[in-house]
Amino acid sequence: MELVSSKNSVSTPVRVFLALLLLIFAACVQADVKLLDSFPKSGSKVSGMVTDVRLWFDVEPDPAASKIELIKDDTRIAVLGLHSMGENDLMGFVQQPTPPGRYRFVWRTTAAASDAVVAGEFNFTVVSTGSKP
Ligand SMILES: [Cu+2]
């Protein structure tokens, strides 16, 4: 049982402290992806159809590990073809028409350099342009 005695050479409080440091470090890394801006903007009113959406972050997101969805009432509208335009951003194409109403913009992403998942959501409103299609 030589292993046990050599493990004990580092006292338990020290090991607990090191484990806590690791946890704090992991939490900081996870909080690192910040949403800076979006189209549509949070709380904004947009007139007409929204055919594409964008999110801008403080670090480069991984489009392959990201997901965006628009939700209006109980309808989920997929946003596909996620890619980056090279500005720490995600861009995607809205797969259905977006009639006037209130929408939830639900997103989830991972920084290209990490596997911490960061998610969020905000609302925007599509207002009628006045002309019927
Ligand atoms: Cu694009």
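Computed 3J(HN,Hα) for segment 94-99, one whole-Hz value per residue from the Karplus formula 6.51 cos²θ - 1.76 cosθ + 1.60 where θ = phi - 60°, is 6, 8, 9, x, 10, x, glycine and proline marked x.
Summing Lys and Arg as +1 and Asp and Glu as -1 over all other residues whose Cβ lies under 10 Å from the Cβ of ALA119 gives a net charge of +1. Here LYS67 is the anchor, and the aspartates and glutamates within straight C-alpha reach of less than 17 Å, apart from those fewer than 8 places off in the same chain, are ASP37, ASP52, ASP89, ASP115, GLU121. The length gained on full extension between ALA65 and THR129, counted as 0.36 nm times the residue separation minus their Cα-Cα distance, comes to 19.5 nm. A probe of 1.4 angstrom, applied to the heavy atoms of all protein chains, finds MET49 with accessible area near 110 square angstrom. Solvent exposure of LEU20, expressed as accessible area, is near 90 Å², computed with a probe of 1.4 Å over the protein chains only. For segment 34-127, the share of accessible area belonging to carbon and sulfur comes to 51 percent (1.4 Å probe, ligands and nucleic acids excluded). This model, with +1 at the C-beta of Lys and Arg and -1 at the C-beta of Asp and Glu, gives segment 34-127 a dipole about its Cα centre of some 400 debye. In the context of the full set of protein chains, residues of segment 34-127 present 53 Å² of accessible surface per residue (probe radius 1.4 Å, heavy atoms only).
Given a 1.4 Å probe and the protein chains as shown, LYS67 ends up with an accessible area of around 100 Å². Can you tell me the FRET efficiency between GLN96 and ALA116 if r is taken as the Cβ-Cβ distance and R0 is 35 Å, rounded to the nearest 0.05? Using R0 = 35 Å, I get an efficiency of 0.70.
Local charge for ARG102 was computed over the other residues whose Cβ lies under 14 Å away, with Lys and Arg +1 and Asp and Glu -1, and equals 0. Taking each residue as 0.36 nm, the span from LEU21 to LEU36 lengthens on full extension beyond its C-alpha to C-alpha distance by 2.6 nm.
The values are calculated or read from the model by the stated rules, or taken from the named source; none is laboratory data. Not measured: the values here are computed from a predicted model. Counting neighbours? That spans all protein chains shown, and the Cβs are built from the backbone with ideal geometry, glycine included. In case anyone asks, the SASA skips ligands and DNA or RNA and just uses the protein heavy atoms, side chains included. Shrake-Rupley method; radii C 1.70, N 1.55, O 1.52, S 1.80 Å.
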